[in-house]
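The values are calculated or read from the model by the stated rules, or taken from the named source; none is laboratory data. The shown structure was predicted, so the numbers you read here are calculated from the model rather than taken from an experiment. In this analysis, Cβ positions are derived from the backbone assuming ideal geometry, glycine residues included, and neighbour counts consider all displayed protein chains.
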Amino acid sequence: MSGSVRPFVPGSVRFGAWAIGVGVVQFVVAMAVVQSRYPGYSLLTNYISDLGNTATSPWHAVFNGSIMLLGALAFVGILAAWGGFPAGGSRLAGLGLLLLASLSAILVGVFPENVNPTVHGIVSLTVFAPGGVGLVLAGAGMRPTTHWSGYGGASMLLGLITLASLAYYVPTQFANSTFDPGLIERLIVAPILLWALLVAVHLGRLPVRPRIRRPRTG
């Protein structure tokens, strides 16, 4: 997925790419490590947030710290890489919603599920819903005439997977009838993380605008 034209971008875009990429990778690694230390943890039936439960997860501090770091790096990274995305209303709306999701991810770590279930549920939802809609809107702006050619459809598809999974997940959570809730929750979260990683790699490969050196005078 690459366009024929790769414009020069400010150095901040590459910094943003690194921030987003590092945030995603460290979070995925942290999840795997904490899962391995959680007795009887199931990817199908356990919620992702169970890893941050201060009463049941032996390494809850690692998970909570990791998701807060993910949110912080994603927020900084999106702002730094803003100029690398196609200009327009889709960028403003899509990335704006992803910034909201990033801030909410920080709060997920601040308020573990067993410490304040109500707040935890609200901030989790404001990661999931804005994240999914943000991917769709950002993808709508990735037109074939830009260096994002080929990414628009993938971005919208990933966002729709998140939203479709969320549409099933929320009502069944209220009815306590969710089939394999851990699996469904991962179908909500995984597309957002995959999108972030793809975007980080693409932005990191764009050529950085060279600095113009002015001749010395005097």
Residue among Ala72, Ala55, Ala61 that alone is more than 15 Å from Pro112 (Cα to Cα) and among the small types (Gly, Ala, Ser): Ala72
In the range 90-114, the residues that are of a type outside the set (A, V, I, L, M), within 21 Å of His202 (Cα to Cα) and surrounded by fewer than 21 Cβ atoms within 10 Å (Cβ to Cβ): Ser90, Arg91, Gly96
Close pairs from the range 203-218: first surrounded by 12 or more Cβ atoms within 10 Å (Cβ to Cβ), partner modelled with pLDDT under 80 and of a type in the set (A, V, I, L, M), Cβ under 7 Å, at least 6 apart: Leu206/Val9; Val208/Val9; Arg209/Val9
Filter result (closer than 22 Å to Gln173 by Cβ, free of Cβ contacts under 8 Å to residues at least 40 places away in the same chain and in a loop (DSSP other than H, G, I, E, B)) within the range 41-63: Tyr41, Ser57
Tally, over the range 145-187, of residues that are part of a loop (DSSP other than H, G, I, E, B), at negative phi and exposed (fewer than 14 other Cβ atoms within 10 Å of the Cβ): 4
Failed item, numbered, when Gln35 is tested on (1) in a helix (DSSP H, G or I); (2) over 15 Å from the mean Cα position of the chain (by Cα); (3) surrounded by 21 or more Cβ atoms within 10 Å (Cβ to Cβ); (4) of a type in the set (S, T, N, Q): (3)
Test for Ser124: is it among the polar types (S, T, N, Q), over 24 Å from Tyr41 (Cβ atoms) and not in a loop (DSSP other than H, G, I, E, B): no
Selection within the range 108-126 - in contact (Cβ under 8 Å) with a residue 12 or more places away in the chain, over 14 Å from the mean Cα position of the chain (by Cα) and within 15 Å of Leu51 (Cα to Cα): Gly109, Val110, Phe111, Pro112, Glu113, Asn114, Val115, His120
Tabulated pairs, the range 74-91, first in contact (Cβ under 8 Å) with a residue 12 or more places away in the chain, second assigned to a loop (DSSP other than H, G, I, E, B) and hydroxyl-bearing (Ser, Thr, Tyr), C-beta under 8 angstrom, 6+ apart or interchain: Pro86/Thr146
Qualifying residue in the range 84-95 (condition: of a type in the set (D, E, K, R), within 27 Å of Ala19 (Cβ to Cβ) and in a helix (DSSP H, G or I)): yes
Count of residues meeting criterion [outside any helix (DSSP H, G or I) and either of a type in the set (Val, Ile, Thr) or modelled with pLDDT of 85 or more (or both)] in the range 1-24: 2
For Met142: the one exception among (1) part of a helix (DSSP H, G or I); (2) at pLDDT below 95; (3) buried (at least 24 other Cβ atoms within 10 Å of the Cβ): (1)
Cβ pairs under 7 Å, 6+ apart, first in the range 137-166 and free of Cβ contacts under 8 Å to residues at least 60 places away in the same chain and within 16 Å of Ile192 (Cβ to Cβ), second in a loop (DSSP other than H, G, I, E, B) and among the aliphatic types (A, V, I, L, M): Ser155/Met142
The one condition in (1) under 18 Å from Ala17 (Cα atoms); (2) at pLDDT 95 or above; (3) over 18 Å from the mean Cα position of the chain (by Cα) that His147 fails to fulfil: (2)
